[in-house]
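Values quoted throughout were computed directly from the atomic coordinates according to the rules given, and no laboratory measurement underlies them. All of these numbers come straight from a predicted model, not from anything done at the bench. When we count neighbours, we look across all protein chains shown, and the Cβ atoms used for this are built from the backbone with ideal geometry, even at glycine.
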Amino acid sequence: MRALTLGCLLLGLAACSKPDDSDKTAVAARCMSYQSDYWRKATERERAGEQAPTPDFDRYGCAALYRHPVCGKLRAGADTLPALAANCAHAYCAELPAPKPGLCGDADPAKLDNINLVRAMVQLDRAILFYETGIRDVANVLSSRHRIYREKTSPPAR
């Protein structure tokens, strides 16, 4: 392992280095590329009557977009949507500028029906991603994970 690291330093091989997660634009681009590739593959598998693969957004650094790690967990499939919504709201709402997303108010994610929870979480995620990246298009694209949120909350019948 040490020889590999030394060799990478000497040769300057990009493939050997870990991506720099401090550059939010690069992280967002990598995450969006993975998300696009994931949806293409998932759609192909569903059309073939197969189960869509479980997304692994954290593998591609998507979680690095969030300064509060609890909000990157869905990308690794760690929480239910109500728990993720409550944890992200708790972590970020005090920091987000006005107007604040609905989950920053009195809404209890555990009491929302699926469609309203999905909408509220997408709104919160969009606000968080814009706050973190400063790029509205990135926030809009990455927060629009309706199918993942729907399936995490209420998987469709097969």
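Taking packing as the residue-averaged number of other Cβ atoms within 10 angstrom, the listed peptides 119-125, 88-94 run from highest to lowest as 119-125, 88-94.
Residue order for ILE115, ILE135, ILE128, fewest other beta carbons within 10 angstrom first, comes to ILE115, ILE135, ILE128.
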